[in-house]
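Structure first, then comments.
Rule-based calculations on the coordinates, nothing more; no lab input. Fair warning: this is a prediction, and the values are worked out from it, not measured in the lab. Please note: Cβ atoms are built from the backbone with ideal geometry, for glycine as well, and neighbour counts cover all protein chains shown.
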Amino acid sequence: MSDLRDPAPYDALLLLSFGGPEGPDDVVPFLENVTRGRGIPKERLKEVGQHYFLFGGVSPINDQNRALLDALRKDFAEHDLDLPVYWGNRNWAPYLTDTLRDMTDAGHRRIAVLATSAYASYSGCRQYRENLADALATLEGEGRELPRVDKLRHYFNHPGFVRPMIDGVLASLADLPEDVRAGAHLAFTTHSVPTSAADSSGPDPEHGDGGAYVRQHLDVARLIADAVADGTGVRHPWELVYQSRSGAPHIPWLEPDICDHLEALHGSGAPAVVMVPIGFVSDHMEVLYDLDTEATAKAAELGLPVRRSATVGADPRFAGAVRDLLLERAATERGVTAERCALGALGASHDLCPVGCCPARAPKPAAAGADSPYA
Ligand SMILES: CC1=C(CCC(=O)O)c2cc3nc(cc4[nH]c(cc5[nH]c(cc1n2)c(C)c5CCC(=O)O)c(CCC(=O)O)c4C)C(CCC(=O)O)=C3C
Ligand SMILES: [Fe+2]
């Protein structure tokens, strides 16, 4: 086996995700897990609970992760990569702490972690690192010898993440009525976060003006828009907009919201819109409710033709990207130089979050970064 196909020092991969309810009885306890200590207004929680109840209390995220696990295992098997893949969540079963305990007891000592969030931000990166630190602290308290966990770098600009989304936009454009297709706008959407969280996202030198969070999304949006122009011969106007705002109304969050944006586009004469959820790795509830239900109803009310393009989900190219990220990091840990695949203007992201990367409002221990209390 050539060096660059060797997973050592890693002996397992952990897929780390958000988790979601699997039935009506799970919805309230799930929301309590998500919002513990986060100061989200009760009204907002009731409203979000309704989104889940509309879908029988089942979030799509768990099945999406099961499909990704299958795709990863298939990809690893096809590439003679003999590495077990586990799954643990922040907010619902299988819980991260339980999975990490199982992994430790199975003898895994060096674990690579893939979070189902592609970009820098407190919610998308440091919060997962805090969850890893919490889980390690629990296992330490139980007297276990701790494994080392390394979080794989951000993959927003990895070709295996970007290319399936380009195909998705091309498919959505082709699905629009021909008379409105050429004039269609592309509305790239991501999760809104407080502007203070956006401004402090990424390493310190990238703070300010939306931080790494906004810059990374703009880079992906531009990449997709350029590739779509190459593919269709039409340069579709595009914008980066936001969705799924929560929090108190007096706190500023990233804007404009997708629904306001659809209204503005309609008012300025745009004939059609493709909504492109670049901020989401798979069809989360935010995609099914906020885009496919709410924003699509808004567009229907306006008489504006819209389509929502596919998320990456379990696309085999994404599974290949995960293998690539893992082998790249493994080589780096062994002191071997590996190619760091990245499209766009920003280059490959760092392996280890530096001190002060995506800071929390209330500092807590976070694993798998330069400020980790663990080895
Ligand atoms: C940046 C970001 C991502 C993308 C990165 C990533 O994927 O990790 C993300 C993902 C997700 N967010 C999710 C669900 C929720 N997020 C909430 C609340 C919040 N999200 C925030 C940010 C993000 N969230 C923020 C700043 C808050 C405010 C409170 C806080 O600062 O923590 C709430 C509380 C109710 C509400 O306020 O909406 C819920 C229920 C689900 C599961 C969906 C499903 O079931 O399919 C997923 C994948
Ligand atoms: Fe969220």
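Under the rule of -39500 (n - 2.57) per DSSP H run of 4 or more residues, summed and divided by the residues of the chain, what mean residue ellipticity at 222 nm is obtained, to the nearest 500 deg cm²/dmol?
Value at 222 nm, helices only: -12500 deg cm²/dmol.
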- Query: Please identify the trypsin sites (Lys or Arg not before Pro) of region 34-99 that satisfy two criteria: DSSP loop assignment and at most 12 other Cβ atoms within 10 Å. Which are they?
  - Reply: Arg36, Arg38
- Task: Could you tally up the Lys pairs in the chain with alpha carbons closer than 26 Å? Skip any pair fewer than 8 positions apart unless they're on separate chains.
- Result: 5
- Query: If you average the sequence gap of Cα pairs under 8 Å that are 6 or more apart and divide by the length of the chain, what percent do you get for the contact order?
  - Reply: 25 percent
- Query: Counting GluC sites (Glu not before Pro) as exposed when in a DSSP loop with at most 13 other beta carbons within 10 Å, what is the longest stretch of the chain free of them?
  - Reply: 146-338
- Message: Given 4 °C and 1.567 mPa s, compute D for the chain with the Stokes-Einstein relation, Rh being the Kirkwood radius over Cα pairs; round to the nearest whole µm²/s.
- Response: 61 µm²/s
- Task: List the relative contact order of region 1-80 as a percent without decimals, with contacts defined as Cα pairs under 8 Å and 6+ residues apart.
- Result: 38 percent
- Using Cα atoms only, what is the angle between the long axis of helix 127-141 and the major principal axis of the chain, expressed in degrees (0 to 90) to the nearest 10? 30 degrees
- Can you give the direction-averaged projected area of the convex hull of the alpha-carbon atoms in region 19-173, in nm²? 11.6 nm²
- Message: Taking every pair of distinct Cα atoms and averaging 1/r, then inverting, what Kirkwood hydrodynamic radius in Å comes out for region 159-308?
- Response: 15.8 Å
- Query: How large is the Kirkwood hydrodynamic radius of region 220-341, in angstrom, based on all distinct alpha carbon pairs?
  - Reply: 17.0 Å
- Message: Could you tell me the center-to-center distance, by alpha carbons, between region 269-296 and region 79-135 in angstrom?
- Response: 28 Å
- Item | With Cα atoms, 0 to 90° folded angle of helix 96-105 axis to the chain main axis | 30 degrees
- Query: So how tilted is helix 159-175 from the main axis of the chain? Cα-based, degrees 0 to 90, rounded to 10.
  - Reply: 20 degrees
